[in-house]
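Colleague: Got a structure for you, written out below as structure tokens; questions coming shortly.
Values in this text are rule-based calculations from the coordinates and carry no lab data. In this text, all values refer to a predicted model and were calculated from it rather than measured experimentally. Because the Cβ atoms are built from the backbone with ideal geometry, glycine has one as well, and the counts that use them run over all protein chains shown.
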Amino acid sequence: MDGYRVLIADDHEEFRRGLEALLAATPDVEVVGTASDGAMAIALALDLQPDVVLMDLHMPRVNGIDATAQIVGSSPHIGVLVLTMMEDEESVFAAVRAGARGYLLKGARRGEITRAVQAVGAGEVIFGPGIADRVMAYFAGARSRPAADAFPDLTERERVVLGLIAEGKENGEIARQLGLSIKTVRNHASNIFTKLQVAHRAQAIVKAREAGLG
């Protein structure tokens, strides 16, 4: 890959220009467009097909949550990295459910932002330090909730695989633990994501841990 193509979506012009300058000076990153509202972000993302959309949540016309859902729903290969002032749990988990692969606060250091863009562009899931603490605290509380009736559409084997995914295990580790081939685990994971109506692993983990798995 020659570099990561990035679309910036933020309604504050000065902040947007600052991000554009920061990323333009970052190796392996190319800013291919900017959007000042959610509707424009959706249109440009579907037209330009960037690797990463740097998404604010509070924007006119269409908010960042809905814009993320529409972008990921149409182009699941696009990685959405939220960069916002909003640090409440409701916003964080709404963004992840919508398909965001990363969540940073606008107070993040410049190096954190560039590393997060590159990580999301490479397919990773990343949370800023303060957000990561909130996520872990939320998951710790979620594990105390019963999971017996969660996800009735899953088979027993799929439920086991989902529980291991929720523990943070990768496919190879799950395959070794269950005595399955990696291909079989991938097939189970694909079926799980379809039944849970999620776009990627991070969303599945959130849903599973909210239900008490993992």
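Colleague: If you take the beta carbon distance between Thr184 and Gln49 as r and set R0 to 30 Å, what does 1/(1 + (r/R0)^6) give as a FRET efficiency, to the nearest 0.05?
Modeller: 0.40
Colleague: Sticking with this structure for a sec: Through the Karplus equation 6.51 cos²θ - 1.76 cosθ + 1.60, θ set to phi - 60°, convert the phi angles of segment 81-89 into ³J(HN,Hα) values in whole Hz; use x for Gly and Pro.
Modeller: Here the 3J(HN,Hα) series is 10, 6, 10, 8, 8, 7, 10, 6, 4 Hz.
Colleague: Now, a different point. Using a Gaussian network for the chain with springs between C-alpha atoms less than 10 Å apart, which of these wobbles most: Val185, Val72, Val120?
Modeller: Checking each option, the largest mean-square fluctuation is seen for Val185.
Colleague: On a straight-distance basis, which lysines could pair with Lys106 in a cross-link, Cα separation under 29 angstrom, same-chain partners fewer than 8 positions away excluded?
Modeller: Lys207
Colleague: Right, another one. Would you work out if the chain is rounded, prolate or oblate? Take a ≥ b ≥ c from the square roots of the eigenvalues of the alpha-carbon gyration tensor; rounded if a/c is under 1.5, else prolate when a/b is larger than b/c, oblate otherwise.
Modeller: Cα axes put the chain in the prolate bin.
Colleague: Give me the lysines in straight-line cross-link reach of Lys183: C-alpha distance below 17 Å, same-chain residues under 8 apart excluded.
Modeller: Straight-line reach from Lys183, under 17 Å: Lys169.
Colleague: Given H placed on each backbone N at 1.01 Å, which residues far from Tyr4 in sequence or on other chains put an amide H within less than 5 Å of it?
Modeller: It is Val29, Glu30, by chain and number.
Colleague: If the only charges are +1 at each Lys and Arg Cβ and -1 at each Asp and Glu Cβ, what is the size of the charge dipole of the chain around the Cα centre, to the nearest 20 debye?
Modeller: With Lys and Arg at +1 and Asp and Glu at -1, about 780 debye.
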